[in-house]
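Working notes, structure below.
The values are calculated or read from the model by the stated rules, or taken from the named source; none is laboratory data. The structure presented is a predicted model; accordingly, all values stated were derived computationally and were not measured. Positions of Cβ are backbone-derived with ideal geometry, glycine not excepted, and every protein chain shown enters the neighbour counts. Note: accessible area is taken over every heavy atom of the protein model, side chains too, but ligands, DNA and RNA are not part of it. Shrake-Rupley method; radii C 1.70, N 1.55, O 1.52, S 1.80 Å.
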Amino acid sequence: MTLSKTSHLINQLLLTPMGGIKIKGYINGEPQKFKFSALLQYNSGKVDSMSYSPDLADRFRDWEK
């Protein structure tokens, strides 16, 4: 199975009072197998934290790109 760059879904987006943006989602239509979440700070230009399922981690080498 290959991952498609265009097949994704963000299923939850939360905005916090302190400027945090939390994104939860999955790709390839498989939320149990390929889920991820990221925490961003408004205007910081970077991802503050990121988590992802083991199956998703196995398919990527460099998460910094």
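Contact map, region 21-35: first residue farther than 13 Å from ASP58 by Cβ, second residue among the β-branched types (Val, Ile, Thr) and assigned to a strand (DSSP E or B), Cβ cut-off under 6 Å, separation 6 or more or different chains; pairs are ILE23/ILE10; GLY25/ILE10. Pairing each residue of region 38-55 that is farther than 14 Å from LEU13 by Cα with any residue that is of a type in the set (D, E, K, R) and open to solvent by less than 80 Å² (accessible area, probe 1.4 Å), provided the two are 6+ apart or on different chains, yields C-beta distances under 6 Å for ASP55/LYS33.
Kindly provide the set of residues from region 9-28 that are more than 12 Å from SER53 (Cβ to Cβ) and under 14 Å from the mean Cα position of the chain (by Cα), ordered by number. Break it down into steps so the answer makes sense when it comes.
Restricting attention to region 9-28, the residues satisfying the condition of being more than 12 Å from SER53 (Cβ to Cβ) are 9-23.
LEU9, ILE10, ASN11, GLN12, LEU13, LEU14, ILE21, LYS22, ILE23 - these are the residues of region 9-28 that are more than 12 Å from SER53 (Cβ to Cβ) and under 14 Å from the mean Cα position of the chain (by Cα).
If we keep just the residues of region 39-60 that are closer than 18 Å to GLY19 by Cβ and in a strand (DSSP E or B), which is least open to solvent (accessible area, probe 1.4 Å)? So, considering only residues that are closer than 18 Å to GLY19 by Cβ and in a strand (DSSP E or B), the one least open to solvent (accessible area, probe 1.4 Å) is LEU40. Would you check if there is a residue in region 9-21 being at pLDDT 85 or above, out of contact with any His (no Cβ under 8 Å at 6 or more places or on another chain) and surrounded by 13 or more Cβ atoms within 10 Å (Cβ to Cβ)? Yes, the conditions are met somewhere in region 9-21. THR2 meets all of the listed conditions (1) hydroxyl-bearing (Ser, Thr, Tyr); (2) modelled with pLDDT of 85 or more; (3) exposed (fewer than 10 other Cβ atoms within 10 Å of the Cβ) but one, namely (2).
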